[in-house]
Amino acid sequence: MSVSHGSAGGAISPGANADKVSDVVLTARGLRRDFGGFVAVNNVDLDVRHAKIHALIGPNGAGKTTVFNLLTKFLQPSSGTITLLGEDITRTDPAKVARMGLVRSFQISAVFPHLSVLDNVRVALQRPHHLSTQFWLPMGALDQLNDRAMQLIESVGLQDARNRLAADLSYGRKRVLEIATTLALEPKVLLLDEPMAGMGHEDVHHVSDLIRDVARDRAVLMVEHNLKVVADLCDQVTVLQRGEILTSGDYRTVSRDERVRVAYMGTEHE
Amino acid sequence: MTEASLATDKPRRLNLEFVLILIGIALLLAAPFYFYPVFLMKVLCFALFACAFNLLLGYTGILSFGHAAFFGGAAYFTAHSVKVWGLTPELGILVGVAGAAVLGLVIGFLAIRRQGIYSTMITLALSQMFFFFCLQAPFTFGEDGIQGIPRGHLFGLIDLNQPLNMYFFVLAVFLLGMFIIWRIINSPFGMILKSVRENEPRAISLGYSVARYKLAAFVMSAALTGLAGGMKAIVFQFATLTDVSWQMSGEVVLMTLLGGIGTLVGPIFGAALITALGNYLATSEFPVTVITGIIFMICVLVFRRGLIGELYASRFGRWLQNKDHD
């Protein structure tokens, strides 16, 4: 197994510090979800910290996306608790959770395909600016969002495509548009479900920089298959296997764990 | 539209729609001097009905198969309030609108719990329940319906028994309804509706309580349908079970499909065509349902975007839109 330890990320971070509890913005304790008789996620504990990038890895079917769905309340946990910024959100509905600052992306790119790039970002800005229920105002009322929307679009390098339909963008550019719309909400915690999946080399690099940049003042939890990206980017890695946590720690520790190599890296990663 | 420089193809489409609307209004103002006004009023009632229905189907992505409950229900409410309570026609129509909105709130509240075909079936089931309520309730007079509704005087002043007065009142209400629909579609709220139609989970993840937006759209669509239904009761001076039957719910789907889902003016043409066919074939031996069935099949097989949808997509439509854009 050869994994290059790039610049920042796992190599530097000392890993989880028990005394820095105040940094923890998103907590899961004893998270469990059954589908009929099948236990998809069992006894998962997670601590996601402010200004850190936390990776959730594991073989296909390990339950990573289910954990995401549970944390963002798109699925109800069978048992366990979830706490966001000190508030129990175990029974809160997903839109409310998003309004509280926990915003997710999806495995399959989630844009509004028949809206322009600009409109995609403006839709995200409408709610925080209280411009989402006015059915009596003309569309021009949304023009006041243009400056902020263009800032966000420029921050991900899509300014040349602002008037194009999202459906016409390349896959990589759809993903960065999705990140721009997510950032429009100024989330406290960002959950990214395989942000690099299906991306070319150039785009992976670009999105890595973008994620590192946005994680400066917010927590990021990401599911990622590209272990090079994980090694470069993430401060903390949690390995899931068959719905349970195998181990957790910084990348170097985790990658040396014999069980992880057997369960995941030994087979999937050369 | 000043925002034309920022958005994509929508303002261009709007410009085309503006041109069509202006020509349309001119034609509608002149029409009663050439055509039978009662027929024109019938077309306008159904056109508004179809456009209100399209607000839900075309712009929110919810297929209701129970809109007859709002259309026929409003006709009963208006009929009863004008005939029994002695309200003026405009107040009677408002009673119809309010009644349809309440019905929309109840049916919509239950229907939006589920998606797709399940949601549609809930609307059908609830509207059928309303149909049997109307069949049994004493104030609707069952199979007879409410007959002989007085047209009365608009605001107590204008005599609606004069065909031209009645026609211009209907035209004004129709244009008001169309303006409201246009405004809703092209508003900050309308933008959220479009995003829900485009990608519902994403809209939720952006913090929108999607159910509330859907319910609001459902109630708006029901209320505007009620506007059309109440108006029809005043025009024809009766309210019957026909307007609450499931066939009526099907007919409005057909009108909308035929004209073009998700186009502002498409359903008007769909409604005009279906109504004209109905009128024309009513005196012939040929069963009108066979003809509409064939038209429906041709529409689905050959021009799925509908009359106006295909016009937009055609070379002529693109040329028009480009020309408007310059």
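Points worth noting:
- Its alpha carbons give the range B:1-160 an Rg and a Dmax of 19.2, 58 Å.
- Antiparallel bridge percentage (DSSP; both residues within the protein assembly as shown; nearest 5): 60 percent
- 21 Å Cα-Cα threshold exceeded, pairs from A:Lys188/A:Lys228; A:Lys174/B:Lys194; B:Lys42/B:Lys194; A:Lys188/B:Lys214: A:Lys188/A:Lys228; B:Lys42/B:Lys194; A:Lys188/B:Lys214
- Net charge contributed by nearby residues that have their C-beta within less than 9 Å of A:Met196 (K/R +1, D/E -1): -2
- Mean separation of Cα contacts under 8 Å, 6 or more apart, over the residue count of the range A:112-168: relative contact order %: 64 percent
- Cα gyration tensor category, rounded, prolate or oblate, for the range B:154-220 with a/c compared to 1.5: prolate
- The distance separating the Cα centre of the range A:55-121 from that of the range A:122-142 comes to 24 Å.
- For the protein assembly as shown, size of Cβ-based charge dipole, Lys and Arg +1, Asp and Glu -1, in debye: 340 debye
- As a length-normalised measure over Cα pairs under 8 Å and 6 or more apart, the relative contact order of chain B settles at 31 percent.
- Applying the criteria of a DSSP loop state and at most 13 other Cβ atoms within 10 Å to the trypsin sites (Lys or Arg not before Pro) of the range B:224-317 yields B:Arg304.
- Rounded FRET efficiency, nearest 0.05, which uses the C-beta distance separating B:Ala26 from B:Arg183 and R0 of 25 Å: 0.70
- For B:Leu135, net neighbour charge (Lys/Arg +1, Asp/Glu -1) across residues whose Cβ lies under 15 Å away: -3
- Sparsely packed trypsin sites (Lys or Arg not before Pro) within the range A:186-270, loop by DSSP, other Cβ within 10 Å at most 10: A:Arg216
- Sparsely packed chymotrypsin sites (Phe, Trp or Tyr not before Pro) within the range A:131-214, loop by DSSP, other Cβ within 10 Å at most 16: A:Trp136
- MRE, 222 nm, helices only [DSSP H, n ≥ 4, -39500 (n - 2.57), over chain B, to nearest 500]: -24500 deg cm²/dmol
- Within the listed set B:Gly270, B:Gly116, B:Gly152, the Gaussian network model of chain B (springs between alpha-carbon atoms below 10 Å) gives the highest mean-square fluctuation for B:Gly116.
- Segment A:His225..A:His205, full-extension length gain: 5.7 nm, with 0.36 nm per residue of separation and the alpha-carbon distance subtracted.
- Annotation: extensible slack from A:Asn163 through A:Leu137 equals 7.1 nm (criterion: 0.36 nm per residue apart, minus Cα-Cα distance).
A short reminder: the numbers here are calculations on the coordinates, not readings from a lab. Predicted, not measured: the structure shown is a model, and the values here were computed from it. Every residue, glycine as well, gets a Cβ built from its backbone with ideal geometry; the counts of neighbours run over all protein chains shown.
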